[in-house]
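The values are calculated or read from the model by the stated rules, or taken from the named source; none is laboratory data. Predicted, not measured: the structure shown is a model, and the values here were computed from it. Here the Cβ positions follow ideal geometry from the backbone for every residue, glycine too, while neighbour counts run over all protein chains shown. Side chains are part of the model used for accessible areas, which takes the heavy atoms of the whole protein and leaves out ligands, DNA and RNA. Shrake-Rupley method; radii C 1.70, N 1.55, O 1.52, S 1.80 Å.
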Amino acid sequence: MLVPIRGRSGTVPALPLVLPAAMEERGRERGRAAAAAPRKLPTFLGVVVPTLLSMFSVVLFLRLGFVVGHAGLYQALAMFAVAYFIIGMTVLSVCAIATNGALDAGGAYYMISRALGPEFGGSIGIMFFLANVCGSALYVLGLVEAVVDSFGIPPGQEAGTGVHVLPQSYWYELLYGTVLLALCLLVCLVGASIYAKATFLIFLIVAAVLGTILVSFFATRPLKVPIRLPNGNGTETDNGSFTGFSLSTLRDNLGGKYDVDYTTGQMMSFSSVFAVMFNGCTGIMAGSNMSGDLKRPSYSIPRGTISAVLFTYLVYNLLAFLMCATCNRTLLQKDYGFLRDISIFPPLVTVGIYAATLSAAMSNLIGASRILYALARDDLFGRALVLAKKTSASGNPVMAVILSWLVVQLVLFSGKLNTIASVVTIFFLLVYATVNLACLALEWASAPNFRPTFRYFTWHTCLLGIAGCCVMMFLISPVSASASLGFLLLLLLALHYLSPSSTWGYISQALIFHQVRKYLLMLDVRKDHVKFWRPQMLLMVQNPRGSARLIDFVNDLKKSGLYVLGHVELQDLDMLPSDPLQPQQDSWLSLVDKLNVKAFVSLTLAPSVRHGVRQLLFTSGLGGMRPNTLVLGFYDDEAPQDGLARHPAFTSWRRARLRLFLCVEAGTMPHAQEEKLRQLLKDLLSQAQIQLVPWDAITRLHWQTCQGPSGGPAEEEEEEEGVVNFPTNTTQVSDEYVRAANKLVLEQSPAPAVRFLYLPRPPADTSLYPLYLHQLELLTRGLGPTVLVHGVSAVTSTQL
């Protein structure tokens, strides 16, 4: 199909194309102070130790009895299985991404952002930052709880005795938390090296304490443990029992028996207990967060993380069984520090609790600071995070550490560990789901650059990890999960519209390419049917600035079909040093973005416009997606106008009405023709107003001796139905006939937004081309926007 279009003003001589400069990629080399600092940490110190300490902190020493006491052995083991299934799938995805290429600072944020692009990476980076911040606050609150339990003045007493000298109240506990957090800040300000040394020392202490606890289950004789519980302004005393290994005790502890949490006064359930327990599994990213400080992150992260996860899973299950077999439910539920009471050397357990929770708090604080620094360095949030870029001479992001410390300090106002446990868990589950999503997207896209050396994963494990995370999020707290997803969506939208372009690559493009290729192969041109026909436009554009309104108009005509903007450069590539079209491609794409049209761009070099158009018709599109309609701007001598300044061309389509002019002659039964046309419109489910136009005066001029081809006004369907008989190419008509036809069209009022006329076939004799164009100009003179249509095959169907 050939469709030349004449607008209110012509389109010819070229105006200079001046488009807003495309946004430059921020791939410039930034001075990174951190890059100057050598990577120092090996697998054990950089991954295994931080991961173990993060997973062994509060839950192991202060909440494992709480979990077992409320849930019972069976449900506790089920919780561990579910939790470790989720983190196991996530660890496989982390290992796959970590072994796919070089890793920089930022851990999970770096992995996700480089896999899924800046929108997902930046939004999940913020969520992971908040997860680490809340996690650090949770561990600090757990440490405060342990300190107050050991040295606090009992409730109801004005003065303590012995070592019980610390006042207990909300504000005092906030003060203790602030002091402990300041200690974590000092260690993190020194840098990753001193942090690694400190955590190794703490690891040795925790290992010794863990060994002592295991021995205590076997060596300690049965005993009664007095428990002081807050009761209004005073306290009440209860007794828990360490029975030693007892089949009766084990039987009593097999099933669940949920009760009120004595620190918050809330009734516990499977989901609330799971939320607390899962915090013992959230440390799997501790090693990944140190990726910028590891000697060989792609080597260390998989081996170190998997080793730590397997070890903690075995220890948790072993301790759960030992607790159920030796401690009654009262001791497990109402004394969070009972491991110290039954130990053969209680002071060592106290030191271990302090050391483990302090280490976990530092791990989350330093992890949060590294994520914040990576976000700031990538400039995703502009000037909002500019302070976080500042580093020390050794490359330690000190301002990111300080900013993270400030946010942790704010979270400490929540007051109780169990209060923020569910929020921390949901944040981490959301991050883990996205890590799995990143790996799944890379796998499904068959990205050629995704070749991880770690092969023990499939898209099934990624999908299971995503499903597990999402299900547990909503089981724990539907409200918090929905709020977190809503916040994530807001971040995604903000980054999509406000963040600068990146040079990381977008996995969405790889996924789209993969799916488009698959469906293009399925689009079989042999199965085409006229009832599914739609216009697939190739619009030839000489001057983009002068053709902006035409581009917009054809975009409205395409009806979800293919739309290609074609341009021919009249040059010979053999005579040029390089391809002149390549530098123009970005400008054309910027034009498409500015005009907001859904179009592709196809440029070519040719010795003539005819050859160029032929090339574009053959080369544009792919498979079953090829142009079937050629659109040309009308060639005339009118001065071009800047269409960009007056864009858009039309604003009248939803309220537009279709009018059909039926040209009739005397003695031809016009009403029968009108009824036939009305029935056709009904069959086509189209609504239009039909107007009868007397045609006798024009036809008399046609049969006079004249010269040159032309045509009369009608719709393309009308020609097919025989409503108007148009002159053939060999018929000669006069300019007077063409002017009369033009006058007839102009007399039909009111003036429409656009007219559609039939386009006669160009003459075979090339010497008649100037006359052909001249009479087309006469026919359309003064008509305003006009579309001349010439069809080569029927495209109407009334079949279902």
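Considering only residues of segment 689-711 that are at pLDDT 85 or above and open to solvent by 30 Å² or more (accessible area, probe 1.4 Å), which is farthest from GLY667 (Cα to Cα)?
If we take residues in segment 689-711 being at pLDDT 85 or above and open to solvent by 30 Å² or more (accessible area, probe 1.4 Å), then GLN689 is farthest from GLY667 (Cα to Cα).
If the requirement is being modelled with pLDDT under 90, within 30 Å of ALA208 (Cβ to Cβ) and either crowded, with 16+ Cβ neighbours inside 10 Å or in contact with a helix residue (DSSP H, G or I) (Cβ under 6 Å, 6 or more places away or on another chain) (or both), which of these qualifies: VAL91, VAL47?
So the residue among VAL91, VAL47 that is modelled with pLDDT under 90, within 30 Å of ALA208 (Cβ to Cβ) and either crowded, with 16+ Cβ neighbours inside 10 Å or in contact with a helix residue (DSSP H, G or I) (Cβ under 6 Å, 6 or more places away or on another chain) (or both) is VAL47.
Determine whether segment 212-227 contains at least one residue that is at pLDDT 90 or above, open to solvent by less than 20 Å² (accessible area, probe 1.4 Å) and of a type in the set (A, V, I, L, M).
Scanning segment 212-227, I find at least one residue that is at pLDDT 90 or above, open to solvent by less than 20 Å² (accessible area, probe 1.4 Å) and of a type in the set (A, V, I, L, M), so the answer is yes.
Quick test of your reading of the structure: GLY486 fulfils all but one of (1) open to solvent by less than 50 Å² (accessible area, probe 1.4 Å); (2) in contact (Cβ under 8 Å) with a residue 60 or more places away in the chain; (3) not hydroxyl-bearing (Ser, Thr, Tyr). Name the failing condition by number.
Tallying (1) open to solvent by less than 50 Å² (accessible area, probe 1.4 Å); (2) in contact (Cβ under 8 Å) with a residue 60 or more places away in the chain; (3) not hydroxyl-bearing (Ser, Thr, Tyr), GLY486 fails exactly one: (2).
Looking only at segment 112-141, count how many residues are open to solvent by 10 Å² or more (accessible area, probe 1.4 Å) and modelled with pLDDT of 85 or more.
Total satisfying the criteria: 5.
Condition check: farther than 17 Å from ALA360 by Cβ, at pLDDT 85 or above and buried (at least 17 other Cβ atoms within 10 Å of the Cβ). Does VAL144 satisfy that?
no
Can you name every residue in segment 277-290 that is within 21 Å of LEU372 (Cα to Cα) and in contact with a Lys or Arg (Cβ under 8 Å, 6 or more places away or on another chain)?
ASN289, MET290
Are any residues in segment 540-567 open to solvent by 10 Å² or more (accessible area, probe 1.4 Å), aliphatic (A, V, I, L, M) and assigned to a strand (DSSP E or B), and if so, which ones?
MET540
Which numbered condition trips up PHE274, out of (1) under 23 Å from ALA368 (Cβ atoms); (2) open to solvent by less than 10 Å² (accessible area, probe 1.4 Å); (3) not basic (Lys, Arg)?
Result: PHE274 fails condition (1) only.
Please verify whether LEU53 is touching a Gly at 6+ places or on another chain (Cβ under 7 Å), at pLDDT below 85 and either more than 30 Å from LEU380 (Cβ to Cβ) or part of a helix (DSSP H, G or I) (or both), treating the condition exactly as stated.
no
Could you please give the count of residues in segment 396-427 that are open to solvent by 50 Å² or more (accessible area, probe 1.4 Å), more than 21 Å from ASP261 (Cβ to Cβ) and touching a residue at least 60 places away in the same chain (Cβ under 8 Å)?
The number of residues fulfilling the criteria is 2.
Would you pick out the residues in segment 568-582 that are part of a helix (DSSP H, G or I) and under 39 Å from the mean Cα position of the chain (by Cα)?
Passing the criteria: only GLN582.
Of everything in segment 260-271, what is of a type in the set (A, V, I, L, M, F, W, C) and surrounded by fewer than 20 Cβ atoms within 10 Å (Cβ to Cβ)? Give them in sequence order.
VAL260, MET267, PHE270, listed by residue number.
Just name the residue that is farthest from ASP552 (Cα to Cα) out of those in segment 583-606 that are assigned to a helix (DSSP H, G or I) and hydroxyl-bearing (Ser, Thr, Tyr).
Top of the filtered list is SER587.
Is it fair to say TYR432 is part of a helix (DSSP H, G or I), modelled with pLDDT under 90 and either out of contact with any strand residue (DSSP E or B) (no Cβ under 7 Å at 6 or more places or on another chain) or assigned by the TED database to the domain that holds LEU92 (or both)?
yes
Within segment 292-305, identify whether any single residue is open to solvent by 50 Å² or more (accessible area, probe 1.4 Å) and in a helix (DSSP H, G or I), and answer yes or no.
Yes, segment 292-305 contains a residue that is open to solvent by 50 Å² or more (accessible area, probe 1.4 Å) and in a helix (DSSP H, G or I).
Checking the condition without any contact (Cβ under 8 Å) to a residue 12 or more places away in the chain and closer than 30 Å to TYR769 by Cα, which residue from ARG626, ARG610, ARG654 passes?
Testing whether each residue is without any contact (Cβ under 8 Å) to a residue 12 or more places away in the chain and closer than 30 Å to TYR769 by Cα leaves just ARG610.
Could you run through segment 534-578 and say how many residues are closer than 16 Å to ASN628 by Cα and either out of contact with any Gly (no Cβ under 9 Å at 6 or more places or on another chain) or of a type in the set (Val, Ile, Thr) (or both)?
Going through segment 534-578 one residue at a time, the tally reaches 10.
I need every pair where a residue in segment 446-466 that is at pLDDT below 85 has its Cβ under 6 Å from the Cβ of a residue that is small (Gly, Ala, Ser), sequence separation at least 6 or different chains.
ALA447/ALA510
Against the condition open to solvent by 40 Å² or more (accessible area, probe 1.4 Å), in contact with a strand residue (DSSP E or B) (Cβ under 8 Å, 6 or more places away or on another chain) and of a type in the set (A, V, I, L, M), how does LEU677 come out, does it pass?
Taking the combined requirement at face value, the residue does not satisfy it.
Exactly one of (1) buried (at least 16 other Cβ atoms within 10 Å of the Cβ); (2) under 22 Å from the mean Cα position of the chain (by Cα); (3) of a type in the set (Ser, Thr, Tyr) is unmet by SER508. Its number?
(1)
Tally time: how many residues in segment 442-460 are assigned to a helix (DSSP H, G or I) and either surrounded by 22 or more Cβ atoms within 10 Å (Cβ to Cβ) or of a type in the set (D, E, K, R) (or both)?
2
Out of SER248, SER241, I need the residue that is open to solvent by 50 Å² or more (accessible area, probe 1.4 Å) and among the hydroxyl-bearing types (Ser, Thr, Tyr). Which one?
SER248
Looking only at segment 607-626, filter to residues that are more than 17 Å from TYR563 (Cβ to Cβ) and part of a loop (DSSP other than H, G, I, E, B); which one of those is most open to solvent (accessible area, probe 1.4 Å)?
Top of the filtered list is PRO607.
Filter the helices (runs of 4 or more DSSP H) completely within segment 319-396 down to those with at least 2 residues that are of a type in the set (Phe, Trp, Tyr) and in the same structural domain as PRO118 (by the TED database).
346-377
If I filter segment 755-800 down to residues being farther than 19 Å from VAL631 by Cα and among the aliphatic types (A, V, I, L, M), which single residue comes out as most open to solvent (accessible area, probe 1.4 Å)?
This residue is LEU800.
All but one of (1) in contact with a Ser or Thr (Cβ under 6 Å, 6 or more places away or on another chain); (2) part of a helix (DSSP H, G or I); (3) closer than 24 Å to PHE56 by Cβ hold for GLY240; which doesn't?
Unmet for GLY240, out of (1) in contact with a Ser or Thr (Cβ under 6 Å, 6 or more places away or on another chain); (2) part of a helix (DSSP H, G or I); (3) closer than 24 Å to PHE56 by Cβ: (2).
When you scan segment 377-389, do you find a residue that is open to solvent by less than 50 Å² (accessible area, probe 1.4 Å) and closer than 27 Å to LYS197 by Cβ, even just one?
yes
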